[in-house]
1. In segment 130-143, which residues are touching a strand residue (DSSP E or B) at 6+ places or on another chain (Cβ under 9 Å) and without any contact (Cβ under 8 Å) to a residue 40 or more places away in the chain?
2. Touching a strand residue (DSSP E or B) at 6+ places or on another chain (Cβ under 9 Å), surrounded by 15 or more Cβ atoms within 10 Å (Cβ to Cβ) and either without any contact (Cβ under 8 Å) to a residue 12 or more places away in the chain or part of a loop (DSSP other than H, G, I, E, B) (or both): which single residue out of 82, 98 fits that description?
3. Considering only segment 102-150, how many residues are exposed (fewer than 15 other Cβ atoms within 10 Å of the Cβ) and in contact with a helix residue (DSSP H, G or I) (Cβ under 7 Å, 6 or more places away or on another chain)?
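What follows is calculated from the coordinates using simple rules that are stated; it is not laboratory data. Keep in mind that what you see is a predicted model, and the values were worked out from it rather than measured. Ideal geometry is used to build each Cβ from the backbone, glycine not excepted, and the neighbour counts take in all protein chains shown.
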């Protein structure tokens, strides 16, 4: 292991010499450029909102499953809510007839609160058990519903904080 010896006396002299300078001696930041692009880390990735997981939803609703109704312009489907946020949800369905970017309507209950919204299918993937999982984005979610989901998320996180 190598150690670096620092001459503290010279270091103190350098600091003292710098402190004698005037603010006018410090160059302007105009035209400052960086040789790298800084992007702060986002713990949520690309998500705009934090999601309530299926485990958290089960705790809040005291149910093992939360049924969801999905309507297209041609038919209706039933599914199960996997997670939800103010921006959208993940829903498990058995049908494979839907497509990305398709406009739908969804409805489900979170406790006694009925959630009904227009939505757009953002992605579709297959689950391990062969079911289809839809990632949907709410479109025009009512303000009171948006606030309700936000308060649910906050209550879960406060509960987690107090039980740690």
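1. Of everything in segment 130-143, those that are touching a strand residue (DSSP E or B) at 6+ places or on another chain (Cβ under 9 Å) and without any contact (Cβ under 8 Å) to a residue 40 or more places away in the chain turn out to be 131, 139, 140, 142.
2. Of the residues listed, the single one that is touching a strand residue (DSSP E or B) at 6+ places or on another chain (Cβ under 9 Å), surrounded by 15 or more Cβ atoms within 10 Å (Cβ to Cβ) and either without any contact (Cβ under 8 Å) to a residue 12 or more places away in the chain or part of a loop (DSSP other than H, G, I, E, B) (or both) is 98.
3. 2
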